4 protein chains.
Amino acid sequence: MADILILTTGGTIDKLYFDALSEYQIGDSVVARLLAVARSAADVRVVELMRKDSLELTDADRALIADVVRAAPEERIVITHGTDTMTQTAAALKDIPGKRIALLGALAPARFAESDAAFNLGMAFATVQVAPAPGMWIAMNGTVFPADRVRKDRERNSFVAV
Amino acid sequence: MADILILTTGGTIDKLYFDALSEYQIGDSVVARLLAVARSAADVRVVELMRKDSLELTDADRALIADVVRAAPEERIVITHGTDTMTQTAAALKDIPGKRIALLGALAPARFAESDAAFNLGMAFATVQVAPAPGMWIAMNGTVFPADRVRKDRERNSFVAV
Amino acid sequence: MADILILTTGGTIDKLYFDALSEYQIGDSVVARLLAVARSAADVRVVELMRKDSLELTDADRALIADVVRAAPEERIVITHGTDTMTQTAAALKDIPGKRIALLGALAPARFAESDAAFNLGMAFATVQVAPAPGMWIAMNGTVFPADRVRKDRERNSFVAV
Amino acid sequence: MADILILTTGGTIDKLYFDALSEYQIGDSVVARLLAVARSAADVRVVELMRKDSLELTDADRALIADVVRAAPEERIVITHGTDTMTQTAAALKDIPGKRIALLGALAPARFAESDAAFNLGMAFATVQVAPAPGMWIAMNGTVFPADRVRKDRERNSFVAV
């Protein structure tokens, strides 16, 4: 059992750009690379669960994420996720007991020179280590929000407390 | 009063490279730029307190840092610091009551394409937001350490629990 | 009159990513920023002519590019362009006398941490400075091709000599 | 025989930063990585000849560089070099017949997020491909200088024509 389980589900954070198609697609998860650049020595297990835009996630996808979280031996769980439906996935996980869960995504792909991915992953890592009791949080825009008191403001392209 | 006070003291995280001198020097703090890239909407106050390699910090410097922390209206305080004497500065701050303090640095300058600075700053930001009570932590190498139970292993160039 | 005229027409090199729309769009030209990072002291004039995917360029667009090139007081001209129809635009410019012209694009947006944009722009800059006589070249994939002896191999996503 | 021989000799372009020592050192050459990011398909041979600050290069070092250039089967030669004595090395190579040689360096390490290394390497690559006859050039600051008509202005930290 690792100290922290990292589940990747896709989203902007993992987006690549394919010139041949003139489009982006979700690629290999960048999590391992971000942890290497961060010189992380934390004991982690990484599971690439799916590669989807969060607008494409179905109820079945969310049920699968919940099943994997529930079954995990780790108590501390970090989930990378598209930003558009992150709060919906959080709602689907809210009755799972005994877990410290932090969800994060990125507003610019991690492969960009200027991305919020590394900072957000750092926030999520600290959240599951420092939280005094089980709970769920969303780490975006410099802020650790309780997962049931935040929404994405698409106009401003930013997460705000509710 | 801001939600979070950020004190910068220098260290590798802020190092520039001057070709004309063929040497590194500590430049303007990169904190504001890291927060912009992170698209942080957190309410912060940034104070550039000093620009020193942490091996050059004196007792008087540490007393000044402690005075600024003690006098700050903010309860949540993030300090960027050179890595070599980060634990000494933490020791100098340990009797200050009522503060959630997170120290961080970087093992590679933030201006490098591959630096741990953004991730570590993210960890420190989350730590002071999530900590349930006053205390002091060091956020390095993917880990949030209690500040009195960590040391830098210079051989391995990594922070380890003690 | 500057030494080098830079015309920007759009293409992958200038692509931004908008999370709010989950799509890429062509943004402000990155040329000025690339030249600043390159610490270029060359005497240039930059004209942002259009912002189009090269698949969307019309005959009228190409006629406009040709008109601007023909009318330019500068003899040395660098053109940033989408990669898919770069050779078509070159064909539309081939009868303009007295100009050293280098076209370039990028297979990954310049805003990515890993992009061929800076290298290609460097090749184009050198080409118009070093060419012994008027002519036209395409600078891509580490190679300066005569503009009428190259094609983009979309399968391999690479320019190859023909 | 490759189309282009790349000789690396050290200098700022290859500088690493070692936090454990609080100093930089010259590391593995970044040339291979820069060419990969540039998606270069050029046929090259890379020889890591030495790893020195250019202020430390001796007459014997320059004689060695000249010997390697003279003996090379390739006619097109790119040399990465520290900036401070680049013109001296060029002077030591000036009597070698039959070669198109471009020297380049960087004013900021290639490992920085913002470095002139990729652009300068692109200029050097194009120079040896486009030059109509043997000769020697220095590719720095957005400009391809004839190697005997340029100097580094250390005050302005920039190469200027003489």
If A:Asp3, B:Asp14 are ordered by their accessible area, calculated over protein heavy atoms with a 1.4 Å probe, which sequence runs from highest to lowest?
A:Asp3, B:Asp14
Determine the shielding of peptide C:104-112 by partner chains: average, over its residues, the number of Cβ atoms on other chains within 10 angstrom of each Cβ.
5
Please report, largest first and rounded to whole Å, the three semi-axes of the ellipsoid equivalent to the stretch B:1-145, where each semi-axis is the square root of five times an eigenvalue of the C-alpha gyration tensor.
23, 18, 13
Search the structure for amide H atoms under 5 Å from the amide H of B:Asp153, placed 1.01 Å from N in the peptide plane, and list their residues when 5 or more places away or on another chain.
B:Ser158, B:Phe159, B:Val160
Classified through the alpha carbon gyration tensor (a ≥ b ≥ c as square roots of its eigenvalues; rounded if a/c is under 1.5, else prolate when a/b is larger than b/c, else oblate), the stretch C:101-154 comes out oblate
Could you pull out every residue, at least 5 positions away or on a different chain, whose amide H is within less than 5 Å of the one on D:Ala113? Hs are placed 1.01 Å off N in the peptide plane, and Pro or chain starts have none.
B:Phe112, B:Ala113
In whole percents, the bins of 10 Å from zero upward hold the Cα-Cα pairs of the protein assembly as shown as 3, 16, 23, 22, 19, 12, 5, 0
Too long for a 20 Å Cα-Cα cut-off, among D:Lys94/D:Lys152; A:Lys52/A:Lys152; C:Lys52/C:Lys152; B:Lys15/B:Lys52; D:Lys15/D:Lys94; A:Lys99/A:Lys152, are D:Lys15/D:Lys94; A:Lys99/A:Lys152
Say a site is exposed when it is one of the trypsin sites (Lys or Arg not before Pro), sits in a DSSP loop, and has at most 14 other Cβ atoms within 10 Å; what is then the longest site-free stretch of chain A?
A:1-93
Once amide H atoms are placed 1.01 Å from N in the peptide plane, what residues at a sequence separation of 5 or more from B:Val46, or on another chain, have their amide H within under 5 Å of its amide H?
B:Ile6
A correct Karplus calculation of ³J(HN,Hα) over the stretch D:75-81, with 6.51 cos²θ - 1.76 cosθ + 1.60, θ = phi - 60°, whole Hz and x for Gly and Pro, returns 8, 9, 9, 10, 10, 8, 7
Using Cα atoms only, what is the angle between the long axis of helix A:59-71 and the major principal axis of chain A, expressed in degrees (0 to 90) to the nearest 10?
50
Can you pull the accessible area of B:Trp137 for me, 1.4 Å probe, Å² to the nearest 10?
40
If DNA, RNA and ligands are ignored and the probe is 1.4 Å, what is the ranking of C:Asp53, C:Asp67 by accessible area, most exposed first?
C:Asp67, C:Asp53
Local charge sum around D:Glu75 (other residues, Cβ-Cβ under 14 Å, Lys/Arg +1, Asp/Glu -1)?
+2
Roughly how big is the C-D contact, given as buried accessible area in Å² (both sides, 1.4 Å probe, nearest 100)?
2500
Apply the Karplus parameterisation 6.51 cos²θ - 1.76 cosθ + 1.60, with θ equal to phi minus 60°, to every residue of the stretch A:125-133 and state each ³J(HN,Hα) to the nearest whole Hz, in sequence, with x for glycine and proline.
4, 5, 4, 6, 7, 9, 4, x, 7
From the phi angles alone, apply the Karplus equation (6.51, -1.76, 1.60; θ = phi - 60°) to the stretch A:29-37 and give each ³J(HN,Hα) in whole Hz, x where the residue is Gly or Pro.
5, 8, 4, 4, 5, 4, 5, 5, 4
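The values are calculated or read from the model by the stated rules, or taken from the named source; none is laboratory data. Please read these numbers as outputs of a predicted model, since none were measured by experiment. All Cβ positions, even for glycine, are placed from backbone atoms using ideal geometry, and neighbour counts span all protein chains on display. Surface areas here come from the heavy atoms of the whole protein model, side chains and all, with no ligands, DNA or RNA. Shrake-Rupley method; radii C 1.70, N 1.55, O 1.52, S 1.80 Å.
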